1. Assess whether residue 74 counts as being modelled with pLDDT of 85 or more and buried (at least 21 other Cβ atoms within 10 Å of the Cβ).
2. Which one of these does residue 141 not meet: (1) open to solvent by 50 Å² or more (accessible area, probe 1.4 Å); (2) modelled with pLDDT under 75; (3) of a type in the set (S, T, N, Q); (4) in a helix (DSSP H, G or I)?
3. Out of (1) free of Cβ contacts under 8 Å to residues at least 40 places away in the same chain; (2) assigned to a helix (DSSP H, G or I), the odd one out for residue 189 is which?
4. Quick one: residue 195 ticks every box in (1) surrounded by fewer than 19 Cβ atoms within 10 Å (Cβ to Cβ); (2) touching a His at 6+ places or on another chain (Cβ under 6 Å); (3) at pLDDT 85 or above except a single one, so which number is it?
5. Under the condition of being farther than 13 Å from residue 82 by Cα and within 18 Å of the chain's Cα centre (by Cα), which residue from the range 29-46 is modelled with the highest pLDDT?
6. Exactly one of (1) out of contact with any helix residue (DSSP H, G or I) (no Cβ under 8 Å at 6 or more places or on another chain); (2) at pLDDT below 80 is unmet by residue 187. Its number?
7. I'm checking my understanding of the structure. Among residues of the range 161-186 that are outside any helix (DSSP H, G or I) and within 16 Å of the chain's Cα centre (by Cα), which one is surrounded by the fewest Cβ atoms within 10 Å (Cβ to Cβ)?
Amino acid sequence: DDDAGAQLAAVEALAAGSRDATAAARLLAARALATCLRGTTTHGEHHVAVRCAAARGLAAWQAREARRAAAGEAASNFAAVQLRAAFDERFRKRGAKGRDGAERAGKLRPGLFPRSDDLSRDALALKTALVAALGSSSGGTNDDAIARLVEVLRQHVDGDASHLPADLFVAHALAALGQCAGEGAAAAARDAAATQATRYLEWDLLTGAR
């Protein structure tokens, strides 16, 4: 169905219906949410509202799995992997291959969203949803997500009037950084998170005073 409203309702129902299902059914639901978020070679990309809802659904799915793991139950890290992959696919340039043939992580794409680009508002909305999902899915233990969020904040700068305002995106990125850097995260990752958040806030105060 190409109707965005019907797709959105289906994604929300899928996310809600996977809470108390069996492990196999939960994983099936997560795979469907990941397909909605990342698209497929045959269908392409869904409407941005559907993709944002899928990101939120995967984050909630992973948070529930983290609680299962904390209770000593069998749990999966599938959604966290999918969220990181979606972030890299959308916002990172393809990296060069190393001598071993493995592709290295590429640099982030520019963090500014021109108003003149019709797709910029959707791209900013999706990027905001993804950084929020990285935070809410982490359970305070996701060092990979911390590395991505630190990189995002290090790269981000305020644009001028020709760019879309990204205050909400930055707020979600900082909040997600705090969520990821819990007691379960590695000490080095927590230190990197604290350092980058402090640097960004100090820079923002300086630029705001001009």
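1. Details: modelled with pLDDT of 85 or more: yes; buried (at least 21 other Cβ atoms within 10 Å of the Cβ): no.
Spelling it out, it is not the case that residue 74 is modelled with pLDDT of 85 or more and buried (at least 21 other Cβ atoms within 10 Å of the Cβ).
2. (4)
3. Status for residue 189: all satisfied but (1).
4. The failed condition is (2).
5. Step by step, filter the range 29-46, then rank; the result is 46.
6. Here residue 187 meets the rest and fails (2).
7. Residues of the range 161-186 that are outside any helix (DSSP H, G or I), as a first pass: 161-166, 181-186.
So of that shortlist, the ones also within 16 Å of the chain's Cα centre (by Cα) come out as 166, 181.
Values: 166: 20, 181: 27.
Among those that are outside any helix (DSSP H, G or I) and within 16 Å of the chain's Cα centre (by Cα), it is 166.
Here is a yes/no grid of residues against (1) at pLDDT below 75; (2) buried (at least 16 other Cβ atoms within 10 Å of the Cβ):
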| residue | (1), (2) |
| --- | --- |
| 4 | yes, no |
| 8 | no, yes |
| 27 | no, yes |
| 60 | no, yes |
| 87 | no, yes |
| 93 | no, no |
| 107 | no, no |
| 115 | no, no |
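The values are calculated or read from the model by the stated rules, or taken from the named source; none is laboratory data. What you are looking at is a predicted structure, and each value in this text was computed from that prediction instead of being measured. We place every Cβ from the backbone using ideal geometry, glycine too, and count neighbours over all the protein chains shown. These accessible areas exclude ligands, DNA and RNA; they are computed on the full protein's heavy atoms, side chains included. Shrake-Rupley method; radii C 1.70, N 1.55, O 1.52, S 1.80 Å.
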